[in-house]
Structures are given as C-alpha cells and as structure tokens.
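The block underneath contains the structure these notes are about, expressed in structure tokens.
The values are calculated or read from the model by the stated rules, or taken from the named source; none is laboratory data. None of these values were measured; they are calculated from a predicted model. Here Cβ is always computed from backbone atoms with ideal geometry, including for glycine, and neighbour counts include all displayed protein chains. Just the protein is used for accessible areas: all its heavy atoms, side chains included, with ligands, DNA and RNA removed. Shrake-Rupley method; radii C 1.70, N 1.55, O 1.52, S 1.80 Å.
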Amino acid sequence: RAKKAGGDRWVLHEDGLLSPEEERARKVGELREALANGQLLLHYQPKFEVASKRLAGLEALVRWNHPQRGELAPGEFIPLAEETGLIAEIGEWVLGRAVAQLREWEDWGYEPVPVSVNLSPIELQREGLAGRIEGLLAKLGLPARLLELEVTESSMMRDIDPVLSNLTELRRLGVGIAIDDFGTGYSSLGQLARFPVDTIKIDKSFIQSSREDEPAPIVESIVNLAHGMKLKVVAEGVEDERQLRLLSRLHCELAQGFLFSRPLPAREIEERYWKKSAAR
Ligand code: C2E
Ligand code: MG
Ligand code: MG
Ligand code: MG
C-alpha cells in the first residue's frame, strides 16, 4: 500500500474528504488550469564541453508553479499527465515555449546554444510530430540545429514504426536527437542501431556509481559503444570533480550536473552566460 504513494488513500482536502478517484480528478482539473493559466514554466540546465568547459547547450525542464504548493518538479505531475493524455498539450506548450525563448535570445543579440526538450513516449509516437516541429521552427525563423529532442530507450521501443518515421524526418530537418537515461532501458543494441540519433546521455545513476578513482565499467562501456557508433556522449548528474576527471579520461564530450549548475530560470541563464560573453 505504502508503495503506491498515496494513490489509493483518502485525502483530506479543503472541500472535505476525497476518495482516490476524486483526488485524482481534482489534480487533473488543476493541471488543466495550470496549462490554461500560465502556471507552467521552463528552467534550463546547462551542458558543458568537458575539454574546454564551454557552454554547449541547455536542457529545458518543465516546472509547475502551483498556487498553493509552490514549485513542483516534473515527477509530481508528468506521470499523471501521461496517464490522462494531457501530456500532448503540455508537450506542445513546452516545445512552443522553448523555441520562443530561443527566438527571444537571438533577437536580443545573444548567440544561442542548442536547447533540448524532453519528449514523452506519447508525443514521440504521435503522427505529424516532425511536421509540427518543422512548422514551429519555420514560423520563428530558427535553424533546426538549435533544437534537440531527448527521448528514452523505452519510449522508442514502444511502437517502433511511428517513432522511426518521426525521428527519421526530424533528423532530415536537422533537429538533434539524444537518447536520455541511456542504460536504464532494456532495448537491444541491435534495435538501437536502427534509430537516427546523434547523442547518448548516460544516466546519472551510472555516473554516480563509481566510488574509487576508476570509472565504473558500465560508463566506460557506454562511452566506447557511443564512440564506436559515431555518437556524442553526455554524462548527466555530474556532481563532483572526481566524476568529471574520470569522464575526461574517457574522452566523454559533454557533461551536465549540479557540479556546473542546477536548472535555472531563463533570466538567470542570461545573467550568468549571455551577459558575460557579450561583455567579453
Ligand atoms: P531528465 O531529462 O533525465 O532530466 C534530468 C533530471 O535530473 C532533472 O530533474 C534534473 O534537475 C536532475 N539533475 C540534473 N543534474 C543533476 C545532478 O547533478 N544530480 C542529481 N541528483 N540530479 C540532477 P527534473 O527537472 O526533476 O526532471 C525529471 C525528469 O522529468 C526528466 O529527467 C525528464 O524525464 C522529465 N521531464 C522534465 N521536463 C519535461 C518535459 O518538458 N516533458 C517531459 N515529457 N518530461 C520532462
Ligand atoms: Mg532529459
Ligand atoms: Mg536523463
Ligand atoms: Mg530521467
């Protein structure tokens, strides 16, 4: 019971005692309102080149500024959004917001780095994804290389045909494709080789698993596999200098994590990175 994290318990709400079904319906209603009333926002977490320490990209991560509960992480509402189908609208909003931000940065004269957007399995399988993204980029006059999509292995394997056709078309446009949380899925390498991807992001659990002054064998294997397939590698969840040193020894190209920066609001990204480089 405890494992379901409150999913089957009655909860006390200001309107009275709610059954699990009522509580769920209330949450869905709230999430719908959040979308309509502009309570969702994006934070951006930088990615850096390991060798030069240069800013190489930004990952957009959604947050919900809840009127009573404050800022909620995606783990608190994305699963419900996926179960109810609301994720399609949230995903559209995230993509639209991310490219609008890129447009703004370019208009202000900053030289933007690519922005990555996480896609849920439902979005990745939906027909016409590539066409919608093409239209979005064209409308704002943005080159496709400024957008990257992060997809997980399990979402790619769920319904291979529509996913393959979306990814192939996106790749043709020049949109970057990264496999997120690599190593945590259960896809076969043979299957993976069929997908047009350019980047592998090693899951943070592996980055954080090495204890000694040696890279974890799984991290070394993933880096070698990626390089053998001519793919770029990003290490996620880098929290200390030791982890970074090990990654640099393996020639891992990019790193992301609290060592460099937490996800930040757009304004803080501007303060920290754009203004500094503009002043140089
Ligand atoms: P992800 O795409 O793998 O994102 C990385 C998560 O790890 C982020 O959590 C980030 O804040 C966190 N993180 C980054 N560096 C470190 C570190 O050094 N140490 C630790 N312990 N954690 C680190 P966040 O923002 O809570 O996002 C969680 C997940 O929610 C994401 O995992 C992604 O799968 C999903 N997500 C986020 N935004 C979106 C979105 O717009 N759409 C969809 N469909 N999913 C999203
Ligand atoms: Mg991601
Ligand atoms: Mg990840
Ligand atoms: Mg993740």
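Taking Cα pairs under 8 Å and at least six residues apart, what relative contact order does the range 1-103 come out at, in percent?
Once normalised by length, the contact order is 17 percent.
For the chain, what is the percent of antiparallel DSSP beta bridges, rounded to the nearest 5?
About 50 percent, rounded to the nearest 5.
If the label point is 7 Å along Cα→Cβ of T184, which residues in the range 203-221 have backbone nitrogen under 16 Å from it?
Of the residues in the range 203-221, 203-210, 219 have backbone N under 16 Å from the label point off T184.
Say a paramagnetic label sat at a point 7 Å from the Cα of E104, along Cα to Cβ; which residues of the range 18-62 have their backbone N under 15 Å from it?
It comes to 38-45, 60-62, nothing else.
Each label point is 7 Å from the Cα along the Cα-to-Cβ direction; what then is the distance between the points at E239 and R9, in nm?
2.6 nm
Provide the packing ranking of 141-154, 196-209, i.e. peptides ordered by the mean count of other C-beta atoms within 10 Å per residue, highest first.
Top of the packing list down: 196-209, 141-154.
Not counting ligands, DNA or RNA, and with a 1.4 Å probe, what is E21's accessible surface area in Å² rounded to the nearest 10?
Its heavy atoms expose roughly 130 Å² to the probe.
Is the range 151-243 best put as rounded, prolate or oblate by its Cα gyration tensor, with a ≥ b ≥ c the root eigenvalues, rounded for a/c under 1.5, and otherwise prolate when a/b is larger than b/c, oblate when not?
Because a/c hits 1.5 or more and a/b exceeds b/c, the range 151-243 counts as prolate.
If packing is taken as the mean number of other Cβ atoms within 10 Å per residue, what is the order of 74-83, 50-59, highest first?
The densest-packed peptide leads the list: 50-59, 74-83.
At a threshold of 8 angstrom on Cα-Cα distance, excluding pairs fewer than six apart, so keeping six or more, what relative contact order does the range 215-280 reach in percent?
29 percent
Cα gyration tensor of the range 30-118, axes a ≥ b ≥ c as square roots of the eigenvalues: rounded (a/c below 1.5), prolate (a/b > b/c) or oblate?
Prolate, because a/c is 1.5 or more and a/b exceeds b/c.
May I ask you to compute the full-extension gain from R272 to S209, defined as 0.36 nm times their residue separation minus their alpha-carbon distance, rounded to one decimal in nm?
19.7 nm
Sorted by accessible area (1.4 Å probe), largest first, how do Y110, Y186 line up?
Y186, Y110
Per Stokes-Einstein, at 20 °C and 1.002 mPa s, what whole-number D in µm² s⁻¹ belongs to the chain, with the Kirkwood radius over Cα pairs as the hydrodynamic radius?
Result for D is 106 µm²/s.
Toward the positive end of the charge dipole of the chain, about the Cα centre and with charges on Cβ (Lys, Arg +1; Asp, Glu -1), which of Q68, W274, Q45 goes farthest?
Going by the charge dipole, the pick is W274.
Hey, if we sort W108, W274 by accessible area with the 1.4 Å probe, largest down, what's the order?
If we order W108, W274 from most to least accessible, we get W108, W274.
State the Cα centre-to-centre distance between the range 17-47 and the range 199-247 in whole Å.
34 Å
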